[in-house]
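The values are calculated or read from the model by the stated rules, or taken from the named source; none is laboratory data. Worth saying up front: this structure is predicted, and the values here are computed from it rather than measured. Heads up, the Cβs are rebuilt from the backbone with ideal geometry, glycines too, and the neighbour counts pull from every protein chain shown.
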Ligand code: SF4
Ligand code: SF4
């Protein structure tokens, strides 16, 4: 039997197929079994006893968990939750679940190990505004302008890797810890689009609490920003890849911010919204599908002729670098936070 949460969400599906046309996996495989609508139909068949576990397991695993279906669903079905719960429900064993999660978290663990002795600077000018620093930035022990002006909260991981691998125990633990801190804070500033989307997915947060979660570039709205005199990007062209988990409003704000920087040209990427194909550990499990998605992105990056590609999610940063590797188009790719830190002056 399925969880009540899944059943409630499944029952809302009108079978309209808007999710199908936006699914990067469907674009490659042209198989509706792997789309949100297909998965919902199958789970519904399973619930009614028409399908057995073995009939649906294979198709359930192929989803990239990019949330594009959730973003485009008129019935507001929380597909992220459905796919997370199905991972917990249909996972063949605890051992394989753990293995899946270990692969997912391996790059972060390696970064922690490499940077273990690097000091982390903690200064705070604003105490009620907390910084939700993403796991990769924490593992790199990077100190940026955000560390200078914010207090790093004692947040745990946003929980997305746990949720995606079906480890609901650790997901709920991280969520509980983070919610307590968010409720006490005046604002929470996030530096990764996927973390922000995972936090906004916490059911227990009220709408008021959700309004406190802001993307870091919002802090810079009224500031005077200019390119450093010695910046290597003076008179160059930059562009922005939109992570699947980034909402359009944040993307528009970042575009506006980048367009206002003097002595640099911002050019919108064709198909800025298409997936980079990396999807955390997805690449390790489905390299052929991931590479086919990546090649599509790579061709738009190549034709953009941008000198620098920016994004705001460490998984996408790796994905865009992989795109460039397979298309022999070696351009610099940076996290937006690092670009601001290294190349801009904030007054
Ligand atoms: S967009 Fe939503 S309602 Fe429409 S088929 Fe997909 S999941 Fe169902
Ligand atoms: S999460 Fe992404 S890959 Fe998975 S069904 Fe939805 S759109 Fe397709």
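If you check residue 51 against the conditions, is it surrounded by 15 or more Cβ atoms within 10 Å (Cβ to Cβ), in a loop (DSSP other than H, G, I, E, B) and away from ligand 1 (no atom under 16 Å from the Cβ)? When the stated conditions are applied, residue 51 passes them. A residue that is under 13 Å from residue 62 (Cα atoms), within 13 Å of ligand 2 (Cβ to nearest atom) and at pLDDT 90 or above can be found somewhere in region 4-23. Number of residues in region 192-227 that are part of a loop (DSSP other than H, G, I, E, B), in contact with a strand residue (DSSP E or B) (Cβ under 7 Å, 6 or more places away or on another chain) and surrounded by 13 or more Cβ atoms within 10 Å (Cβ to Cβ) equals 1. All conditions but one from (1) at pLDDT below 90; (2) part of a loop (DSSP other than H, G, I, E, B) apply to residue 232; the one that does not is (1).
Only one residue in 39, 64 is within 10 Å of ligand 2 (Cβ to nearest atom), at pLDDT below 90, farther than 19 Å from residue 271 by Cα and crowded, with 22+ Cβ neighbours inside 10 Å. Which one? Full working, then the answer.
Numbers: 64 fails: farther than 19 Å from residue 271 by Cα.
None of the other options fit; the residue is 39.
Apart from one condition, residue 246 fits all of (1) at pLDDT below 90; (2) touching a helix residue (DSSP H, G or I) at 6+ places or on another chain (Cβ under 9 Å); the exception is (1). Looking for something under 24 Å from the mean Cα position of the chain (by Cα) and touching a residue at least 60 places away in the same chain (Cβ under 8 Å) - is there at least one such residue anywhere in region 46-63? Yes. Evaluating residue 78 against the criteria (1) more than 23 Å from residue 289 (Cβ to Cβ); (2) within 12 Å of ligand 2 (Cβ to nearest atom); (3) surrounded by fewer than 17 Cβ atoms within 10 Å (Cβ to Cβ) leaves one unmet condition, (3).
Selection of helices (runs of 4 or more DSSP H) fully inside region 1-48 by the criterion of at least 3 residues being more than 11 Å from ligand 1 (Cβ to nearest atom) returns 4-11, 24-29, 36-47.
Quick grid of which residues meet (1) surrounded by 15 or more Cβ atoms within 10 Å (Cβ to Cβ); (2) within 16 Å of ligand 1 (Cβ to nearest atom); (3) under 22 Å from residue 201 (Cβ atoms):
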| residue | (1), (2), (3) |
| --- | --- |
| 234 | no, no, no |
| 238 | yes, no, no |
| 244 | yes, yes, yes |
| 251 | yes, no, yes |
| 256 | no, no, no |
| 260 | no, no, no |
| 263 | no, no, no |
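The listed residues are 334, 258, and the only one of them that is outside the structural domain of residue 69 (by TED's automatic domain parsing), assigned to a helix (DSSP H, G or I) and out of contact with any helix residue (DSSP H, G or I) (no Cβ under 7 Å at 6 or more places or on another chain) turns out to be 258.
For region 287-303, how many residues meet the condition of being buried (at least 20 other Cβ atoms within 10 Å of the Cβ) and either touching a strand residue (DSSP E or B) at 6+ places or on another chain (Cβ under 7 Å) or farther than 24 Å from residue 196 by Cβ (or both)? Spell out how you get there, then give the answer.
Start the filter on region 287-303 by keeping residues that are buried (at least 20 other Cβ atoms within 10 Å of the Cβ), which leaves 289-290, 293-294, 297-298, 301.
Checking which are either touching a strand residue (DSSP E or B) at 6+ places or on another chain (Cβ under 7 Å) or farther than 24 Å from residue 196 by Cβ (or both) leaves us with 289, 298, 301.
Matching residues across region 287-303 total 3.
If the condition is being closer than 23 Å to residue 314 by Cα and touching a residue at least 60 places away in the same chain (Cβ under 8 Å), then region 214-230 contributes 215, 216, 217, 219, 220.
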